[in-house]
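Derivation of every value follows stated rules applied to the coordinates shown; laboratory data play no part. The structure displayed is predicted, hence computed values, not measured ones. Quick reminder, even Gly has a Cβ in these numbers, built from the backbone with ideal geometry, and neighbours come from all protein chains shown.
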Amino acid sequence: MIIRWSSHLKDPEKRKDFESYVRNSASVLERLTDIINQKVDALDCPPFDDYEEAGWAYKQADRNGQLRAYLEILKLTDLTTGETDNV
């Protein structure tokens, strides 16, 4: 689990309890992961029509920003990662 989940807690006991709470929410996080993966797949293939518009580069930059944000969230929803905060 990424440390960011419990970094707001200083008390070790509260931190441990909260980490257990997050792990017990795995089914919700798995569903969120599925939803985000659908969004990522949709962003990976921009329509060719976008390139016909004068502002296509702005659309692409926005799409890249959305993709980057989704990928950061996916790292958080992966409870199998190590203890380092790599987000």
Identify all residues within the stretch 31-67 that are exposed (fewer than 12 other Cβ atoms within 10 Å of the Cβ), in a helix (DSSP H, G or I) and more than 23 Å from the chain's Cα centre (by Cα); write none if there are none. 48, 49, 51, 52, 57
Answer yes if at least one residue in the stretch 5-19 is part of a loop (DSSP other than H, G, I, E, B) and touching a residue at least 24 places away in the same chain (Cβ under 8 Å), and no otherwise. yes
Breaking point among (1) of a type outside the set (Ser, Thr, Tyr); (2) over 15 Å from the mean Cα position of the chain (by Cα); (3) surrounded by fewer than 10 Cβ atoms within 10 Å (Cβ to Cβ), for residue 23: (3)
